[in-house]
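What follows is one structure encoded as structure tokens, with my remarks underneath.
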There are 2 protein chains.
Amino acid sequence: MSLINNPSGGALTTGRDGDVVHADSDLHGAVGRHLARHDYRYTAGRRRLVDTMADAGKPVTLPDIISASPDLSPSSVYRNLDVLERSGVVDRITTRGDHAFFEFAEPLLSHHHHLICIDCGIVKDFCLDDEVEKRVDRGLLEAAGEAGFTPLRHNVDLHGYCPDCK
Amino acid sequence: MSLINNPSGGALTTGRDGDVVHADSDLHGAVGRHLARHDYRYTAGRRRLVDTMADAGKPVTLPDIISASPDLSPSSVYRNLDVLERSGVVDRITTRGDHAFFEFAEPLLSHHHHLICIDCGIVKDFCLDDEVEKRVDRGLLEAAGEAGFTPLRHNVDLHGYCPDCK
DNA sequence: ACTATATTGAGAGTGAGTCTCATAAACAAT
DNA sequence: ATTGTTTATGAGACTCACTCTCAATATAGT
């Protein structure tokens, strides 16, 4: 298992609760706790999936996962990505490309956003500075309240062309 | 044809170019200009589609369009939504729901963002104030430059539960 | 009107993701 | 350890949003 994806380039060191995963700390422990909270088992196949995603260090699609770990069964991977998403371990990123992307959710991964290529759909992570984040948060909470929405998280995505599709 | 969707509640009155559509001005003229710029024809079917979307006044899915205008052919509507998207008339919003949502693109519609229900996928528009927008823009341009991305537009989406799915 | 080009519509086709179900693994309690 | 109970697995069938095909039709230019 390698380092978890971290767009800011430094080690993951902060967070508001005890489940933030530090560069060399116990990812599996944190994932297991999330799963247990939702009455799911942390099986060997799910560990393999988590390891594969951690090794990738960036948002991945199903083909990415299968080509990195060909012994995993596609139907089980889809089912387990769903379980991990329900447990708050993984976020699904839906783009115009053929496949959805998956990456570790906060607070397993520090807060960040996405550059999305509108041609090939590839996703790359980046961070905004704290000042901007706070202002966005305040604006979003206000808007959500007015519309009767219960806010869970925000996405700030930039759509454009990646270096390859330019 | 009714008013175009406008999350801020007031009339659409500003914009950086001449194609911004005011509440009572010529939507079809602006759409026709966009299509012509891309060597597409503004046919009767495309007008019907544009009218249907304008009448809805909010992001719509293909079933929304067909149930509002049952004489439109689904395959043509899909094809024409694609043409309108390529021409910059329409934006596609991909969510976890079964269907993609479509709405008028900027600058036909004033700048705004989306509340997206993570359960049913429904999309609602809202605005952020100008100060926040400017800061977000600056942060995104910087991030895009570092990653070699060519920025086109940004999306600030809030994901949560809509009043019905709460 | 005539020609060249773009669009239409009905239905066939595609493919990412989901569902089924028989088998296997994980947990609990004795 | 053994048994019983619940949950997970995997192969493949299946769904269905969306795209493609192609003959018929509408549009624009001359």
| request: Consider only pairs whose beta carbons are under 9 Å apart and that are at least six residues apart or on different chains; among these, list those whose first residue lies in the range B:148-166 and is more than 7 Å from chain A (Cβ to nearest Cβ) and of a type in the set (D, E, K, R) and whose second residue is assigned to a strand (DSSP E or B) and surrounded by 14 or more Cβ atoms within 10 Å (Cβ to Cβ). | output: B:164/B:117
| query | Which residues, counting only those in the range A:23-76, are within 12 Å of DNA strand D (Cβ to nearest atom) and exposed (fewer than 14 other Cβ atoms within 10 Å of the Cβ)? | reply | A:36, A:38, A:39, A:41, A:43, A:44, A:70, A:71, A:73, A:74, A:75
| request: Kindly provide the set of residues from the range A:36-85 that are basic (Lys, Arg) and either modelled with pLDDT under 95 or over 22 Å from residue A:122 (Cα atoms) (or both), ordered by number. | output: A:37, A:41, A:46, A:47, A:48, A:79
| In the range A:101-127, what residues are at pLDDT 90 or above, of a type in the set (Asp, Glu) and over 12 Å from the mean Cα position of the chain (by Cα)? | none
| Within the range A:93-100, is there a residue that is in contact with a Leu (Cβ under 6 Å, 6 or more places away or on another chain) and modelled with pLDDT of 95 or more? | yes
| Cβ-Cβ below 7 Å, separation at least six or inter-chain, first residue in the range A:49-72 and away from DNA strand C (no atom under 16 Å from the Cβ), second among the small types (Gly, Ala, Ser): which pairs? | A:54/A:2; A:55/A:2; A:55/A:68; A:57/A:2
| task | Mind counting the residues in the range B:94-111 that are facing another protein chain (nearest Cβ under 10 Å) and more than 18 Å from residue B:165 (Cα to Cα)? | result | 2
| request: Scan the range B:120-129 residue by residue and report those that are within 8 Å of chain A (Cβ to nearest Cβ) and either within 16 Å of DNA strand C (Cβ to nearest atom) or not in a strand (DSSP E or B) (or both). | output: B:127, B:128, B:129
| task | Would you mind telling me which numbered condition in (1) surrounded by 17 or more Cβ atoms within 10 Å (Cβ to Cβ); (2) more than 11 Å from chain A (Cβ to nearest Cβ) residue B:132 fails? | result | (2)
| request: Determine, yes or no, whether residue A:137 is assigned to a loop (DSSP other than H, G, I, E, B) and surrounded by fewer than 18 Cβ atoms within 10 Å (Cβ to Cβ). | output: no
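The values are calculated or read from the model by the stated rules, or taken from the named source; none is laboratory data. Every value quoted in this text rests on a predicted model; they were computed, and no experiment measured them. Because the Cβ atoms are built from the backbone with ideal geometry, glycine has one as well, and the counts that use them run over all protein chains shown.
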